[in-house]
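Report on the structure given below.
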Amino acid sequence: MILHEAIEKLLSQTGLPMTAREIADGLNRNKWYVKGDKSQIRTSQITARVDDHRELFEIDRSTSPLKVKLNGTQFPRKEKLVSSKLVTSTTAINTTQSSLFNSSLIEKMLINEKNFKSAGIIDNLVSTNSGLYCIRINDISRLPSPFNIALRDRGHNIIYIGVASESLRTRFLHQELRARGHGTFFRSIGAVLGYLPPKGSLLTKKNKRNYKFSKTDEQKIIKWINENLKVNWIEFNDDFESFENELINKHRPLINIANNPSALQELSELRKLCVQIANEL
């Protein structure tokens, strides 16, 4: 059974909308879908697959965290508070276990542009803890049209918000910024910049969607990232998925597709083209 079929089966069985975390946990337990490397299914995989199959799934935006559903059932929004130790890219904030951090404080710490660092100087700074990360572009005009126009219309320079459920160093630094593995942001920004994967590069791969660029092009993309992007991150180990969804829904980052009310069709089409080329004979 492939992943979107397993998601569909789980939602049909429960009869209720579910968060990406609930779906991932459910599939990791029942083993209806098992990844090739036997590792755990991540929430980012669920949201990406749901976004790829809008004909099967709908995102219920009346709830927080956002929920995936097969029907029109809606639930009232519930506010959540978390208890945790928060660490930003610049400052460690010492707290007691009883300290409460609401979404507004987390957002302020993550989005505050004063906390951002150049993407080219963070390789020895990012920890192996879990957390959230945010990516901004220094100069919007460095993006090609129509992406520069779309971002300018949004009134900010935020291009991506993501979550690292296990390790910021692995997910955020290595995969998203350094092309070590399969980073959603890296594949998307590469496509936006006009790069394409080698023809047929996925023909022998089990996963037919995780395209990669050539090594030469990867280095060009990394160089562009280091010269044009700045980043910030927050370390904590609580229920951060709901905050990721809220921030994406509110700020509408340019490169986010899943859970983004202003997701760009042009980006989806570029990613589909890359997948198509990578699967051509």
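Quick note: the coordinates plus some simple rules give every number you see, no bench work behind them. Predicted model, so just to flag it, every value in this text is computed and none were measured. As a convention, Cβ positions derive from the backbone with ideal geometry for all residues, glycine included, and neighbour counts pool all protein chains shown.
Some observations on this one:
- When the P(r) is computed for the stretch 184-223, the part past 14 Å accounts for 43% of the Cα-Cα pairs.
- FRET E, pair D25, N138, Förster distance 30 Å, beta-carbon r, rounded to 0.05: 0.20
- Note on the chain: GNM, Cα springs under 10 Å; of L27, L105, L66, the largest mean-square fluctuation is that of L105.
- Remark: the stretch 263-272, residue by residue, has Karplus-estimated 3J(HN,Hα) of 4, 7, 5, 4, 5, 4, 5, 5, 5, 5 Hz, where x stands for each Gly or Pro and the curve is 6.51 cos²θ - 1.76 cosθ + 1.60 at θ = phi - 60°.
- Cα centre as origin, Lys/Arg/Asp/Glu Cβ charges: the chain dipole, Debye: 500 debye
- A straight Cα-to-Cα reach below 30 Å connects K230 with the lysines K80, K85, K108, K114, K117, K212, K215, K220, K250, K272, residues fewer than 8 places away in its own chain not being considered.
- For the options S12, S268, S130, a Gaussian network treatment of the chain with springs between C-alpha atoms closer than 10 Å singles out S12 as fluctuating the most.
- Rounded if a/c under 1.5, otherwise prolate or oblate - the chain, Cα gyration tensor axes: rounded
- For Q219 and T14, the difference between the fully extended length at 0.36 nm per residue and the C-alpha to C-alpha distance is 69.3 nm.
- Residue with peak Gaussian network fluctuation, the chain [Cα springs, cutoff 10 Å], from I149, I140, I46: I149
- Filtered trypsin sites (Lys or Arg not before Pro), the stretch 206-260: DSSP coil and at most 12 other beta carbons within 10 Å: K206, K208
- Signed unit charges on C-beta, dipole axis of the chain, positive-most listed residue A24, P253, I106: A24
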